[in-house]
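These notes concern the structure reproduced below.
The values are calculated or read from the model by the stated rules, or taken from the named source; none is laboratory data. The structure presented is a predicted model; accordingly, all values stated were derived computationally and were not measured. Here the Cβ is made from the backbone with ideal geometry for all residues, glycine too, and neighbour counts use every protein chain on show.
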Amino acid sequence: MRHSKLFSSLILLCFASFVSGSIVINPGAKVVQFAGKASFSGNLINNGIFSANGESSFIGSNNSIISGVNEFYSMSINKSSGSVIIANDIRILNNLSFQNGNLITGDYTVSLENSGTLSGESSSSSIIGNLYISRYVNTTANSLGNAGLSISSGLDNLGIVKLYRTTGTNGIVNINSADGIKRKWYISPQNQPLHGRDITFNWLANEDNGIDLTRSKVWLSSNGNNWQTIGQLTNASVTRSITVPTTYFGHLTVNSSSEPLPSSITFEEDGSKVVNFTAYISGAKKKAQKFSKKISQVSEFNKATTLTVTGNNNIIADINGFDVTFSANEDWNGTENLEFSVYDPAKGSTILGTVAVIVSPVNDPPVNTTPPSIYMPIPRIGGVINGSVGVWNDDKDQ
């Protein structure tokens, strides 16, 4: 059983101090940590004043809760097991380093303002939750405190750039019915990069969230709701890194979601068009991978999954695998709204969306039903020749 140390007066922590168990600083008490390292193996509960001027290292094999401390000079996380959990927003002025164990923020935020930096994050030791960093970014490149996002040099002075990063479950963004990685960013610059900047995104292996990293894409939104892709499709399965160009900073994440269905598909009357739906189905495939942990079941996805369509009367949608050949009844033109779904025997049907299929009119040539003719009753010089243009049916003109 761990016991708490109650501090009720002025306490000085000097140089290489080690505090075993938990610390509770009572109202009116003051604990001052001078330069050097102070190691804490338990909770740090501050109801008075805690002033940290050196490195505060959290060690041990149990969870450590930080409450009532708003500011640290430097912090390191090196726990053999367990995590550090904050119960309020904290600000770190210098460096936040990781060796072992996580720093869990919950609804709160760790801020690295001005010159604060992040180091040592790994799949077994990182911030899980909310991180805030602010930097002045002129025309030179900036790594924004090593938070897994860096901005290239450019022509625009961006001014104060605020970066909000969320990891863990709250960092997942669902786009087109597919969840992305467990990391999202929001970049708020004083000035947008109107002449363009490259952004490089990095994340940890435990944040993959089962997405198809061979089809990784960066998605951008101005409001956190309406998303569009920027840059190229990237195989990030080895590097977990993507670089894309942009002229706008906003909400950003990485996802292998399918492209949204096109709003319309058009072909001419009495013609046809073949469309491959594979790119639109990858989001549904991702769902199957998420729910099915057996590799054998995942590998059978394409075989077991069928593409279906409803809502067509005059339009014919001939489905062969994920290829759809669109045609229509003879001489018909107009628009029908077709709803496409994918059906997985194990999980049922998932609606992909609705597409307006447009058959544009074509002016068909007239059809001759009685051939033209030339007739001279009595062949002679100067005689009259009778002729007929025949009979033509123009009813097929649409």
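Quick notes on this structure:
- Selection status of Gly210, in a loop (DSSP other than H, G, I, E, B) and farther than 23 Å from Arg135 by Cβ: yes
- When residues of region 209-254 are limited to those that are aromatic (Phe, Trp, Tyr) and more than 23 Å from Ser177 (Cα to Cα), the one surrounded by the most Cβ atoms within 10 Å (Cβ to Cβ): Phe249
- Single residue of region 116-128 satisfying the filter (touching a Leu at 6+ places or on another chain (Cβ under 8 Å) and of a type in the set (Gly, Ala, Ser)) that is surrounded by the most Cβ atoms within 10 Å (Cβ to Cβ): Ser126
- Residue count for region 129-160 under the criterion of being among the small types (Gly, Ala, Ser), assigned to a loop (DSSP other than H, G, I, E, B) and surrounded by fewer than 17 Cβ atoms within 10 Å (Cβ to Cβ): the result is 4.
- Tallying residues that are over 22 Å from Ser126 (Cα atoms) and aromatic (Phe, Trp, Tyr) within region 188-242 yields 2.
- Taking region 62-72 as the range and being assigned to a loop (DSSP other than H, G, I, E, B) and within 34 Å of the chain's Cα centre (by Cα) as the test, the residues that pass are Asn62, Asn63, Val69, Asn70.
- Pair list, Cβ < 7 Å and 6+ apart or interchain, from region 177-189 residues that are at pLDDT below 95 to residues that are β-branched (Val, Ile, Thr): Ser177/Thr350; Asp179/Ile172; Gly180/Ile172; Gly180/Val173; Gly180/Ile211; Gly180/Thr253; Gly180/Val254
- Output for region 213-249, where each listed residue is of a type in the set (S, T, N, Q) and assigned to a helix (DSSP H, G or I): Thr214
- Annotation: Val274 fulfils all but one of (1) exposed (fewer than 14 other Cβ atoms within 10 Å of the Cβ); (2) in a strand (DSSP E or B); (3) within 17 Å of the chain's Cα centre (by Cα); the unmet one is (3).
- Residue within region 53-61 that is farther than 19 Å from Asn206 by Cα, of a type in the set (Val, Ile, Thr) and not in a strand (DSSP E or B) present: yes
- Boolean, Val110 is under 20 Å from Gly148 (Cα atoms), aliphatic (A, V, I, L, M) and either without any contact (Cβ under 8 Å) to a residue 60 or more places away in the chain or buried (at least 18 other Cβ atoms within 10 Å of the Cβ) (or both): yes
- Qualifying residue in region 201-208 (condition: crowded, with 16+ Cβ neighbours inside 10 Å, closer than 20 Å to Thr166 by Cα and either of a type in the set (Val, Ile, Thr) or in contact with a helix residue (DSSP H, G or I) (Cβ under 8 Å, 6 or more places away or on another chain) (or both)): yes
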